[in-house]
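The values are calculated or read from the model by the stated rules, or taken from the named source; none is laboratory data. Every value quoted in this text rests on a predicted model; they were computed, and no experiment measured them. As a convention, Cβ positions derive from the backbone with ideal geometry for all residues, glycine included, and neighbour counts pool all protein chains shown. Note: areas computed on protein heavy atoms with side chains; ligands, DNA, RNA excluded. Shrake-Rupley method; radii C 1.70, N 1.55, O 1.52, S 1.80 Å.
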Amino acid sequence: MSHTHKSTNGRSPGTWPLRAAFGALGAVSPALAGRAGARLFLTPPRHRVPPREREALAATEPFALAHGGGILRGFSLGTGPTVLLVHDWGGRSGDLAPLAQALAAAGCTAVAFDAPAHGRSSGHVASMLHFADAAVAVAERFAARVAAGHSLGAGALAFAASRGLDLDAAVLLAPPTTPVSFVDGLAAALAFSPRVRAAVDARIVRRVGLPYDAVDLVRLAPAAPPPFLVVHDRDDREVPLAAGVALAEAWRARLVVTSGLGHRRILRDRAVLAQALAFLTSHLPRCGCGRFAEAPDPGGAWRCAGCLVADDLWARGRRRERLFA
């Protein structure tokens, strides 16, 4: 399931012609109106990259990953243990550049991708299932065990965790509890009749391959959920605070409520970034020297790259000494 278009929030001038069109089509054929409504719902908008984001991405390392018959494109930034970042519906990996920069400065590798049908990735339609499957693929490719997501991307991380993605921790910024609420928003904005709404629901379920109750994150909360930090703003007009509260309660997550940031400024707020950074890094393994660990040594102890190299050189020296003793 997915997110409504920002242009169908009832305030855009473009909403009224769509209302009229769906009203006329629905009167003639609710099935055709349902097909058109589902297509509209599952098709994300693509936006031009602003100069600020283009400058931030210039310092990153791009990657491309084959996935589901298409290509996922994204970037990595920094060195050290990997933290996966997942953007919102209609967004791009670059939306998470402020958090990526903070993670890189702290000694981590931030990895973000454009979801299917978003940004530079291929595809035409998307849903929370598409987001979640892509997140699993990128997490496996880069061996990420901690993650952060925004809005639908946050919901997708929780959904992926409920389906087996092994996370040590995650930060969920403005998460929804179910994408069905976005269908409700679209139906209200375009004044769907009950017959058109039923046809839209049926078509979405058919296209995505999951019934609505299968993406209810409150219902899907596992018995032993991974540590989550949920950050949600009181003034969020796209995903209400009640959603973050409900998800945090169901997943036994820590909840931080902010004010005055809305749905998007939460991605750039320094206090939010600091809390997200502290939470994520507190769940990363540490080497005995104090730096972030990157891989286990032969004995299973997690070590940083420098200590692994030093251990290897020491082991080679010991073998050489025994050889010539």
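Report, by chain and number, residues whose modeled amide H sits under 5 Å from the one on residue 256, excluding near sequence neighbours (fewer than 5 apart, same chain).
Hits under the 5 Å cutoff: 230, 231, 232.
Evaluate the distance, in nm, between pseudo-label points positioned 7 Å from the Cα of residue 105 and of residue 180 along their respective Cα→Cβ axes.
Distance between the two pseudo-spin positions: 4.3 nm.
Separation between the residue 64 and residue 234 pseudo-spin-labels, each 7 Å from Cα along Cα→Cβ, expressed in nm?
Rounded to a tenth, the inter-label distance reads 4.8 nm.
Could you look at the range 165-296 and say what percent of its accessible area is carbon and sulfur, using a 1.4 Å probe and all protein chains?
Values: 3180 of 6010 Å².
In the range 165-296, the share of accessible area belonging to carbon and sulfur is 53 percent.
Using a Förster radius of 30 Å, what is the FRET efficiency between residue 245 and residue 206 based on their Cβ-Cβ separation? Nearest 0.05, please. Working shown, then result.
Values: r = 32 Å, r/R0 = 1.07.
About 0.40, to the nearest 0.05.
If you count only protein heavy atoms with a 1.4 Å probe, what accessible area per residue comes out for the range 82-187, rounded to a whole Å²? It would help to have the intermediate numbers written out before the result.
Numbers: 2410 Å² over 106 residues.
Per-residue value: 23 Å².
Grab the Cα-Cα distance for residue 252 and residue 224, subtract it from 0.36 nm times how many residues apart they are, and report the gain in nm with one decimal.
On the way: separation 28, 0.36 × 28 = 10.08 nm, distance 0.90 nm.
Residue separation times 0.36 nm, minus the Cα-Cα distance, leaves 9.2 nm.
Say each of residue 140 and residue 213 gets a label point 7 Å from the Cα, pointing the same way as Cα to Cβ; how far apart are those two points in nm?
If labels sit at residue 140 and residue 213, their model points lie 3.0 nm apart.
Calculated FRET efficiency, residue 198 and residue 163, Cβ-Cβ r, R0 25 Å, to nearest 0.05?
On the way: r = 28 Å, r/R0 = 1.10.
It comes to 0.35.
Where does the charge balance sit around residue 101 when Lys and Arg score +1, Asp and Glu -1, over other residues with C-beta under 13 Å from its C-beta? Mind showing how you got there, number by number?
Details: positive: 52, 268, 270; negative: 53, 55, 95.
With Lys, Arg at +1 and Asp, Glu at -1, the neighbours total 0.
Can you work out ³J(HN,Hα) from phi for every residue in the range 92-98, in order, using Karplus 6.51 cos²θ - 1.76 cosθ + 1.60 and θ = phi - 60°, giving whole Hz and x for Gly and Pro?
Ordered by residue, 3J(HN,Hα) equals 8, 4, x, 4, 9, 4, x Hz.
For the range 189-236, what class follows from the C-alpha gyration tensor (a ≥ b ≥ c being the square roots of its eigenvalues): rounded when a/c is under 1.5, otherwise prolate if a/b is larger than b/c, else oblate?
On the way: a/c = 3.83, a/b = 1.59, b/c = 2.41.
It is oblate, given that a/c is not under 1.5 and a/b is not larger than b/c.
Please find the FRET efficiency linking residue 188 to residue 79, where r is the Cβ-Cβ separation and R0 is fixed at 56 Å, and quote it to the nearest 0.05. All intermediate terms of the calculation are to be shown ahead of the outcome.
On the way: r = 47 Å, r/R0 = 0.84.
The value I calculate is 0.75.
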